[in-house]
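Comments concern the structure below.
Read the figures in this text as sums done on the coordinates, not as results from a lab. Model, not experiment: these values are computed from the prediction. All Cβ positions, glycine included, derive from the backbone under ideal geometry; neighbour counts span all protein chains shown.
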Amino acid sequence: MPGKIEGKVVSYSEAGNLVTDIPVERLRTVPHDPSVSVICDEHQTVGLYKPDHKEPEMTLLALLSDSGFLELVIVGDSAKIMLGVRAGQPVTVQW
């Protein structure tokens, strides 16, 4: 059965990650594979990743951050600058 969790970007990390109001705990039962899509503004990525991921530079990821919240990250760069997403933008996790 498909599922959906909605939230929004609430702040930015020091590294420029987009911090959402979606708690990592709420994503515990969501698959972490490519069947999961995370959408923010016109940007989309698949899967949920842990902080120890091995994805290449400049990859857009949905990160199960140590902050306790889902973060949208561009590996090795600032998602805030690269994507231009403002606080308050909706974020949808669907599978």
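Sub-8 Å Cβ pairs linking a first residue in the range 34-62 that is farther than 18 Å from Pro23 by Cα to a second residue that is acidic (Asp, Glu) and surrounded by 14 or more Cβ atoms within 10 Å (Cβ to Cβ), at least 6 apart or interchain, are Glu57/Asp77; Met58/Asp77, ordered by first then second residue. Kindly check whether there is at least one residue in the range 48-68 that is more than 12 Å from Val93 (Cα to Cα), β-branched (Val, Ile, Thr) and in contact with a strand residue (DSSP E or B) (Cβ under 9 Å, 6 or more places away or on another chain). Yes - at least one qualifying residue is present in the range 48-68.
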